[in-house]
Amino acid sequence: MTSIEQSISSLKAQLEEYNFQYYVLDDPTVPDAEYDRVMRALQELEQQNPHLITADSPTQRVSGKADSAFSEVQHLVPMLSLDNVFNQEEFVRFNQRLQDRLGNKESLNFTCEPKLDGLAVSLLYENGSLVRAATRGDGQVGEDITANVKTIKSLPLKLRSPFPARVEVRGEVFMLRSVFAKLNEIAKQNNEKLFVNPRNAAAGSLRQLDPSVTAKRQLSVYLYGLGIADGIELPNSHFARLELLRQWGLPVCPKNKKVAGLDNCESFYQSILNDRDQLPFEIDGVVFKVDDVKAQEKLGFVAKAPRWAIAYKFPAQEEITQLLSVDFQVGRTGALTPVARLEPVFVGGVTVSNATLHNMDEIERLDVRVGDTVIIRRAGDVIPQVVSVVTAKRPSNTIPISIPKECPVCQSKVEREQDQAVYRCLGGLICSAQQKESIKHFASRKAMNIDGLGDKLVEQLVDEGRIASVSDIYTLDLNALVSLERMAEKSATNLLEAINKSKTTTLAKFIYSLGIREVGEVTAQTLATECLTLDNIMQMKESEYLALPDIGPVVSSHLVEFFNNETNRKVIQKLLELGVHWPEVVKKSNDALPLLGQTIVLTGTFSELSRNDAKAQLQELGAKVAGSVSAKTHLVFAGPGAGSKLAKAESLGIPVKAEDDLIALLAQSQP
């Protein structure tokens, strides 16, 4: 066997193993990007050596294998997969091939569909009733999953009339991000194995032998194509056929769009890519289909895919790399967070060399060690995280990860809190890391909003001994600042003006800026509104905190601990002496709080007023502004780019209004 034959054989075996792990075991060990790399390597070798292509090559058939636990289903029309492109240049070449085959130099119309990250299914309806559902399997034969598919609430068991006598439709079963998060949270509580991603969770849920288990997983489905339709004349437009599916009562992705030409295709791709992280479901690209069905028929198929459709994949959000070491970072409350130092890898559009490991419980759950090959994930602006270990590639010399006994910054003792996953440094303000983080929080936009006092400057000021606590900010002068490296006099003057401006604040912002554990903006606002003065807040007993709205035993204990600490009280007194002040808080009557008792959620982008301003005004009128949608939410205001919160509100039947409605509400609610 030649070296090329050996390489092809090895790549085939690797792909078959990946397919087995994903489709049969429901336990993928590598990210999609790694699978794509291996597949493309095999494709390139086979293109260069066509005489070595065999019928059993993964490039010549649709991946997957029917599970012996389910009966087999012969598809009426083969369910094929899609070829992929990964950049605009490859997409342009795809379009050129279409025009060449069609003899058409004019722009083509395409149906654009987000590429859902789930499990492909075929659904057969006879006389309007769902009689069979099957997985794609190997494209010719799939698994009968009818009982499980019938548990999907969004899927009609009976089509809306008029419908064909017999129709087979194809689509994708998937799991919403919110459902996936809840599923893994329950698994964590029960100390069970976590699902890798929503796609893996959907696939595993559909292939449960007990449909009652599937029903609890709250799966969703969108339909994207027709196999057969007896006794009905179908439109020649693919997009029009999707609208026909919708008329029959079948769920179709609302993001689908019909466009003309390459430029509009690229615009759609970029638009969906930008919205990707706000969508309530996961996607990994866009599928472009020639809209003219007669043109589709003329273009035909290759061995495993239609020539008239392509999947334009997004940059990978998951990648595979090596864990080189683990450092422990210390936060403002002393919490130690393990940070993975990685062999740099390009993922999610950037080069990543660090990723969070969250805490020691997560390290134990992953069984991750220094030297391991790991899968990391980065979605949008989310901090990269290690999601799993490729144990098959584990070398013999990996090193277990352990929590340090002493703080890596100040060498104080490290202890684990009772019933908590967090380890904390007990050094308090003698720990420079905690000093830095508490000062950064104090100066942040939502706290005292000191423009120009950024993270790097805070670190420089602490390292050089210019400040050690938040009160020291107000003792800085021009000489102290201009003596710093890369600090010009103009910048120093602007910073001093911002520091002086920040002295005028609100009681709620001041409480929030102190960085009390578990006390966020909403709790700080509650304390200010209910207690009216700082003295009242500082002198309360734990039982009195508990009597306030939305304050539980954990927050109340942290409040008592913070205000009983003599060092904290001295810092607060020093801040007041240095001129920090706020207007008197006046207890409003219920008449002056027209939104009292209302829980409101803001999502998306607003053009006329910022989300923070809107939030503050709503709170002034008595509303509770929550960060997530629940059954207790009364109203949602949504701007462009609204994603999972909007989808959840719609699913719960919660009223959703636009920014204009919000402005009108604020205007009419003013006393």
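All of the numbers you see were taken from the coordinates with simple rules; none came from a lab. Since this is a predicted model, take the numbers as computed values, not measurements. Ideal geometry is used to build each Cβ from the backbone, glycine not excepted, and the neighbour counts take in all protein chains shown.
Let me know the charge dipole size of the chain about its Cα centre in debye, to the nearest 20, where only the beta-carbon of Lys, Arg (+1) and Asp, Glu (-1) is charged.
Computed charge dipole of the chain: roughly 840 debye.
So which aspartates and glutamates pass the test for Lys150, namely a Cα distance under 16 Å, with those fewer than 8 places away in the same chain ruled out?
Cross-link targets: Glu126, Glu168, Glu172, Asp210.
Taking the Cβ-Cβ separation of Asn449 and Lys405 as r and a Förster radius of 60 Å, what is the calculated FRET efficiency to the nearest 0.05?
That gives a FRET efficiency of 0.95.
Would any residue of segment 405-425 have its amide N under 15 Å from a label point 7 Å out along Cα→Cβ of Ala468? List them or say none.
410
Quick test of your reading: applying the under-4.7 Å Cβ rule, which cysteines of the chain are isolated?
Cys112, Cys253, Cys265, Cys531
Can you tell me which aspartates and glutamates have their Cα less than 14 Å from the Cα of Lys446? Leave out same-chain residues fewer than eight positions away.
Answer for Lys446, where 14 Å is the Cα cut-off: Glu521, Asp613, listed by chain and number.
Would you kindly state how much longer the chain becomes between Asp263 and Asn127 on full extension, computed as 0.36 nm times their sequence separation minus their alpha carbon distance, in nm to one decimal? If you can, show how the numbers build up before the last one.
Working: separation 136, 0.36 × 136 = 48.96 nm, distance 4.22 nm.
Full-extension gain reported as 44.7 nm.
Over the chain, what is the relative contact order in whole percent, taking alpha-carbon pairs under 8 Å and six or more residues apart?
9
Answer rounded, prolate or oblate for segment 340-466, using the Cα gyration tensor with square roots of eigenvalues a ≥ b ≥ c: rounded when a/c is under 1.5, else prolate when a/b is larger than b/c, else oblate.
Judged from the Cα gyration tensor, segment 340-466 comes out oblate (a/c at least 1.5, b/c at or above a/b).
For the chain, which span is the longest to avoid every loop-located (per DSSP) member of GluC sites (Glu not before Pro) having at most 11 other Cβ atoms inside 10 Å?
234-416
Tell me the label only: which of (i) 93, 64, 63; (ii) 82, 59, 56; (iii) 82, 64, 52 is Cα extents along the principal axes in Å as calculated from this structure?
Label of the calculated value: (iii).
Mind pulling the angle between the C-alpha long axis of helix 611-620 and the longest principal axis of the chain? Nearest 10 degrees, somewhere in 0 to 90.
60
Go through Lys188/Lys255; Lys182/Lys440; Lys255/Lys657; Lys440/Lys574; Lys413/Lys574; Lys216/Lys624 and tell me which ones have a Cα-Cα distance over 24 Å in this structure.
Result: Lys188/Lys255; Lys182/Lys440; Lys413/Lys574; Lys216/Lys624 exceed 24 Å.
Can you give the relative contact order of segment 433-541 as a percent, counting alpha carbon pairs under 8 Å and 6+ residues apart?
27
So which lysines can Lys105 reach, going by Cα to Cα under 18 Å and dropping same-chain residues fewer than 8 places off?
By straight Cα distance, Lys105 reaches Lys289, Lys294, Lys298.
Run the numbers on segment 210-362 and let me know its relative contact order in percent, using alpha-carbon pairs under 8 Å that are six or more apart.
Relative CO of segment 210-362 lands at 14 percent.
Return the calculated 222 nm mean residue ellipticity for the chain, to the nearest 500 deg cm²/dmol, obtained by summing -39500 (n - 2.57) across DSSP H runs with n ≥ 4 and dividing by the residue count.
When only DSSP H runs of four or more count, the value is -10500 deg cm²/dmol.
Give me the distance in nm between label points sitting 7 Å out from Cα along the Cα-to-Cβ direction at Asp210 and Arg416, one decimal.
3.2
With just the Cα atoms defining each centre, how far is segment 479-496 from segment 590-667? Give it in Å.
One Cα centre to the other: 41 Å.
By the gyration tensor of its Cα atoms, with a ≥ b ≥ c the square roots of the eigenvalues, what is the shape of segment 485-635: rounded for a/c under 1.5, prolate for a/b over b/c, or oblate?
It comes out oblate by the Cα gyration axes.
Going by the alpha-carbon gyration tensor, a ≥ b ≥ c the square roots of its eigenvalues, is segment 411-530 rounded (a/c under 1.5) or, if a/c is not under 1.5, prolate (a/b greater than b/c) versus oblate? Walk me through the numbers on the way to the answer.
Working: a/c = 2.93, a/b = 1.29, b/c = 2.26.
Oblate, because a/c is 1.5 or more while a/b does not exceed b/c.
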